[in-house]
Every structure is written in structure tokens, then in C-alpha cells.
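Participant: Here's a structure for you.
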Amino acid sequence: MSRLSLRLALPLLMAILLLALGALSLFSALHTRQALLSAEARRHLLSEAAHLARMTEQAWDTANPMVLADLAQLASYPDAEVVLILAPDGEILAAHRSDWNGRQVTTLLKGFDMARARRVAEGRLPDYRPAPDGLRMDVLLPFDLPARPDEVRSSQRGLVYVAYDLRRSWTKLRGEILLGRLPEMAGLLLLLLFPVWFLSHYVVQPLSLLAQAASAMRRGHWDAPLPERGFAEIAELGTAFNAMRGRLAGTINRLVRQVRRTQAILDNAADGILSLDEEGRILSFNQAAERMFGYEATEAIGQNFAVLLPEPYRGQYQEHLAHYRQTGVFPVIGSSRELEGRRKDGRHFPIDLAVAMVADRAGVIFLVRISDISARKQAEAELAQYRAHLETLVAERTAELSLLNQELEAFSYSVSHDLRAPLRAVDGFSNALLEDYADRLDREGRDLLNRIHAGAQRMNALIDDLLKLSRLSRAKLEPAPVDLSALAEEICRQLQETTPERHVVLEIAPKLMAQGDPGLLRAALENLLGNAWKYTSKTPQPRIEFGRTEQDGQPVYFVRDNGAGFDMAYADKLFGAFQRLHHPGEFEGTGIGLATVRRIIHRHGGRIWAEAAPGQGATFYFTLSPQSARQVKLPIGHGVPNGPAA
């Protein structure tokens, strides 16, 4: 549909309005002047016709020339068309034309109404009749026509008939009016030019600039000029338009950046990302999908997604799509499936596929994420092969370990039975020699026998420690709530009973609970506290502490003493079997205790370490697994004395 420009419509509307006003003014003037012309002619017609009727009645016989002069004068009136003096029978007694005298009026005036004339003559009242347009009018006036001397009658009625035709006068007057109105119309035209210029300058042109700016925006040009002049409302409109243009430009720029960023993300994604319409046609195809399937995006877009699937997956996809068309439910939405894809060259490869559904005003769009899992499948196959190989190795190692355990049990049996008998014999015979032949042996002989006896005793202790360490490896853990504080208190009390002459300050933290094997945890504390008791034996004011701290939110138990200590440079040898950092003559022992403690702590899922310095004591820290270290509620009334014990 064509649209009218405001630049043309506004002047045209003003011109039409001005012409309408001018035409209305002209019509009003013409109507007024015509009414005045008709009123003047009527007045003149009635007065002159009445005068002629009186003169005729008074002087028709005595002053006939005067009557004819008045008739001629009336006929000379510019608008007079017919002036007649009639007899009652319609004979023309006198007329504005001399050749009409004595003739019948009906033969000369075709439209003359004799019935009307008779009514006027009989009624003795004048009859004035104007035409509908007011430009023609006539009148009939009765008068008494005196009888002639030769007539035997008193009087006779006569009629004066006068008709005016104003058309010539009206035509002339109308022309004069039109000519007189020309300056007025010219003035109106000049008056029109100013509002047209004003509206064009302050309304049309600013609005045209706004329209051009809007059209430029539609074409993508955002810097089109806006109007700088105009009414305040137009200026506000321009300001609002400029603000809207700025916001719209910012929004479009953000959307463009977002679209580009999204496209960049999609193009750089490792997975293939596609979008499908409700018919299964491909709408978008990122670069990863191009590399994966071998299709260019221009080739794939518009094709059905089934082209990327081999059988039987293609048939399953078609069934899912048909089910969606019937029920509006796509069965695989929100889940991930492993199936096969089909490349452009026809090769199949394993893929992981997930589908999501997005609904908007335009309809439903399916988003498809496809991962090439060829490498993962290959790794899984290799892992399965490695797992099978590992299970074979484990079975072999288990068999070897079982054999080693059997050998260890045999060795333990041999140690406990076969080695102990000779040791007992050596120890027994050496004691017998000392008891029975001591007086026959010199000092050196007795010293050698004492050494044999001490060696046998030390060998027996080593065998006992080895058997304990062996049993620790095979013993079954039986977890139970353990009050470590109570265990430490009992062990320290036993140590003090063995050497009542010593006075050691003991600090045992109360209510230290753990979950573990009571027997094994007791053995660990016996070794740690026993070592602390042993290595503080040469300290003037011995002090032993058992407590708990935290490290990374996990409980850490410790045994601290102020005894001999050791050099941390040899700490890596501390927990090895038969490893001792002090000379046997200085502190007795077999070197098995800390190895036993480490084995117990490891079996409880914990770890153990030490900090020390020569002559400044040592601190042994150990942890238990979270299950072993959880807090256990103490029985009512149970506790451990707080503070040092002698």
C-alpha cells in the first residue's frame, strides 16, 4: 500500500483547508448578494407594479399617455422582462412592446395562467410569485378599469402583470463579486505560505530526519543525524529516539558479541554439537562435528540426522522421532547413550550421544552433543587386557605369598622349637658349670660362661621378638572401642612396679578414645612407652607425656620424653628391624620394638614418625585410620587421672 509523504500531505492539507474556507466564504457572499438582489428586485417590482396599477385605475381614460409613460418607464428597468395591462378576458390593453397591444396574452406568453388571473381579478388581491432560484419573479395586481362613455357599466376589473428576470443582473454581479474576491484569495494564498513554511521547517523536516534515521537504522547505519530544531515535543522525541538508538545499538552489539562468543565456544569445543528441528533436520553443525563425521557444515545442514547413524541405530532414531510426533515425548531426552556414528566415507566409530530439548516461540529445537569415544574404548580394551594380566599376576603373587607364609610359619615353628632346645641346653649347661665348677674356674673362665649365658638370653629375646613380629603380620584385626588413656596409665604403672626406685613424671591426657584392635594397640603403646621409660633412665628429672593433637583436621597421638634422643640424620633407620641408634651396652634392646609399632600402626591404616635431638628427648607421633580414630563414648564413671603420676 502506497504511503503519502508528510512533506506533501501537510501543504496539500493546508491548501485544501484554505480552498474550503475560501469557497465557503465565496458561497456565503454570493448567497447573501443574491438574497439582497432578489429582495431589492421584489421591493422594486411590488412598488412599481402597484404604482402602475393606481395610475391606470385613475387615468386610463383621462390621461392615457401618462399611464403609457409610466409603463414605458417600468419596462426600461434592467430586470423587467414583461410589463402588461390586461383586460379581464386576457386582452393586452398596453404592453412594453407596442406590437403586443390588442392581442391575447396566452398566445404570447405560453406559461401565463389565466385561471390565476381570474382569481386575482375576482379576489381583488395581488399575487406575487418568485421562482425557486429567486432570479425570476412576477406579480398580478387588480385595478378598476373605468367604463368608457359609450359603455353601459359602472366599472371593469383590469390586471397589471409585471415579470422580472434577474439572471443577467446576477451574472454581472457574480462576476463583479468574483473579481472583487481575487485580492482576498491572493492574500489567503500568501497567508497559507507562512504556516506551510513554518510547519515544514519546524515539524515536517525534523520528523523527516527522524524517519530517515529510523530507515538508516534498519539498514545498519547508526550515525544518521537527528533534528536540531523543532518544537519541544519533537526535540524530546529526538532525544528519546537517540537514547533508544544507543540502547538498541548496545544491545545489538552485546548480542553480536555473545553470538560470536557462543559460536567460538561451539567451534572450539572438543565435542560435536548439533541442533535439530522437530523433523530431525540439522540446523547447525560445529567444527568438531565436521572433523568427527567428515562433512562440511554446508553439506550437513538441511540433511536428516539419520545420515550420521548406521543401522540399527538409524531405525531406533526414526522410531524415537515418530514417538515424539505422536506423544510429544522424546525417549532419550536428558540421558547419555553409547552407540555408533557413521562418517561420510561410511566408516563406523563409537560415540557417546546426549540430547536436550529447548522450546521457544518458534517451536522446539533439539541440542545434540556427540563425543568420539574411540580412544576411550581403546583404552578400556587395553585396561581390560591389563586387568586380566594383573589378575593373573595377583593370582601368581598370591600363590607365592601363600607359599612364603607357609615357609614363614615353618620357620617360626623351627625357631620356636628347634632353636630354643639348643639355646636352653647352652644356657642350662653354662649355668651348671657356673654352679658346679665355679671354684675350679678362674675369673676369666667364669666371665666367659657369663657371656655365654647372656648371649643365650639375648638370643632367646630375639627369637621371642621375631615370633611376635611374625604373629603381627598374620593376626586378624578385631576392632573395638579402646581407651588409649587407660592403656597408657596401666602400662606406666607396670613399668613403675618393675623399677620402683625411679621417679618419673607422667602426663597422660584423659579420655583418648580410638577404634582398633585392643591387643595390638596395647603392644604398640607398650613399645613406645617402654622405650621412653628406657631412654629416660639416665636423665636426672625424667618426664614422659602421652597426648593428642591435630594435623589437617585428623587426630595425631604422641609419646614424648626428655631422654637420650637421637640424631635425625639416622631417622630413616629408626623403624627397621634390628636397627639400633644406641650401643647395646648403653641401652639394652633387640631393635625389634619400633618395627613392631610401625607394623601395628600400618595395619590400622595410620602412619608413624618421630622428631628428636641428641640429649633433648624424642617425640613419636602416630595416626590411626578415620574409622579407628572416631570418638567413642566412655562408660559412666570411667576415666583416667589427670596430671602427672610418680
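Participant: Checking L321 against (1) touching a Ser or Thr at 6+ places or on another chain (Cβ under 9 Å); (2) buried (at least 16 other Cβ atoms within 10 Å of the Cβ); (3) modelled with pLDDT under 85, which test does it fail?
Facilitator: Every listed condition holds for L321 apart from (1).
Participant: Between residues in the range 508-531 that are closer than 14 Å to T623 by Cβ and residues that are buried (at least 22 other Cβ atoms within 10 Å of the Cβ) and among the hydroxyl-bearing types (S, T, Y), which pairs lie under 6 Å by C-beta distance while being six or more apart or on different chains?
Facilitator: L512/S485
Participant: Ok, one more. In this structure, is G250 at negative phi, exposed (fewer than 14 other Cβ atoms within 10 Å of the Cβ) and under 25 Å from the mean Cα position of the chain (by Cα)?
Facilitator: Against the criterion (at negative phi, exposed (fewer than 14 other Cβ atoms within 10 Å of the Cβ) and under 25 Å from the mean Cα position of the chain (by Cα)), G250 qualifies.
Participant: If we scan the range 196-214, do we find a residue that is crowded, with 16+ Cβ neighbours inside 10 Å, in contact with an Asp or Glu (Cβ under 6 Å, 6 or more places away or on another chain), in a helix (DSSP H, G or I) and not polar (S, T, N, Q)?
Facilitator: Scanning the range 196-214 turns up no residue that is crowded, with 16+ Cβ neighbours inside 10 Å, in contact with an Asp or Glu (Cβ under 6 Å, 6 or more places away or on another chain), in a helix (DSSP H, G or I) and not polar (S, T, N, Q).
Participant: State which residue pairs qualify: first residue modelled with pLDDT of 85 or more and inside the range 261-282, second residue assigned to a loop (DSSP other than H, G, I, E, B) and open to solvent by 60 Å² or more (accessible area, probe 1.4 Å) in any location, beta carbons under 9 Å apart, and separation of 6 or more residues or different chains.
Facilitator: Going by the 9 Å Cβ cut-off, the qualifying pairs are R281/I301; R281/Q303; I282/I301; I282/Q303.
Participant: Let me ask something else about it. Out of (1) more than 30 Å from L321 (Cα to Cα); (2) open to solvent by less than 60 Å² (accessible area, probe 1.4 Å); (3) under 22 Å from the mean Cα position of the chain (by Cα); (4) not small (G, A, S), what's the single condition that is false for F241?
Facilitator: Against the list (1) more than 30 Å from L321 (Cα to Cα); (2) open to solvent by less than 60 Å² (accessible area, probe 1.4 Å); (3) under 22 Å from the mean Cα position of the chain (by Cα); (4) not small (G, A, S), F241 comes up short only on (3).
Participant: Can you pull out every residue in the range 45-70 that is surrounded by 16 or more Cβ atoms within 10 Å (Cβ to Cβ), in contact (Cβ under 8 Å) with a residue 60 or more places away in the chain and not polar (S, T, N, Q)?
Facilitator: L45, L46, E48, A49, A50, L52, A53, E57, W60 - these are the residues of the range 45-70 that are surrounded by 16 or more Cβ atoms within 10 Å (Cβ to Cβ), in contact (Cβ under 8 Å) with a residue 60 or more places away in the chain and not polar (S, T, N, Q).
Participant: Now for a different question. For the range 341-359, give me each residue that is surrounded by fewer than 16 Cβ atoms within 10 Å (Cβ to Cβ) and more than 29 Å from the chain's Cα centre (by Cα).
Facilitator: Hits for the range 341-359 are R343, K344, D345, G346, R347, H348, F349.
Participant: Can you tell me which condition L140 does not meet? The list is (1) modelled with pLDDT under 90; (2) under 28 Å from W170 (Cα atoms), and all the others hold.
Facilitator: Checking L140 against (1) modelled with pLDDT under 90; (2) under 28 Å from W170 (Cα atoms), the one that fails is (1).
Participant: With respect to T107, determine if the residue is open to solvent by less than 70 Å² (accessible area, probe 1.4 Å) and either among the hydroxyl-bearing types (S, T, Y) or at positive phi (or both).
Facilitator: no
One line per residue, one yes/no per condition, for (1) touching a helix residue (DSSP H, G or I) at 6+ places or on another chain (Cβ under 9 Å); (2) among the charged types (D, E, K, R); (3) open to solvent by 20 Å² or more (accessible area, probe 1.4 Å):
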| site | (1), (2), (3) |
| --- | --- |
| E501 | no, yes, yes |
| V505 | no, no, yes |
| K511 | yes, yes, yes |
| A523 | yes, no, yes |
| L528 | yes, no, no |
| Y535 | no, no, yes |
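The values are calculated or read from the model by the stated rules, or taken from the named source; none is laboratory data. Because the structure is a prediction, the values reported are computed rather than measured. Cβ sites come from the backbone with ideal geometry, for glycine too, and all protein chains shown count toward neighbours. The area values use the complete protein model at the heavy-atom level, side chains included, leaving out ligands, DNA and RNA. Shrake-Rupley method; radii C 1.70, N 1.55, O 1.52, S 1.80 Å.
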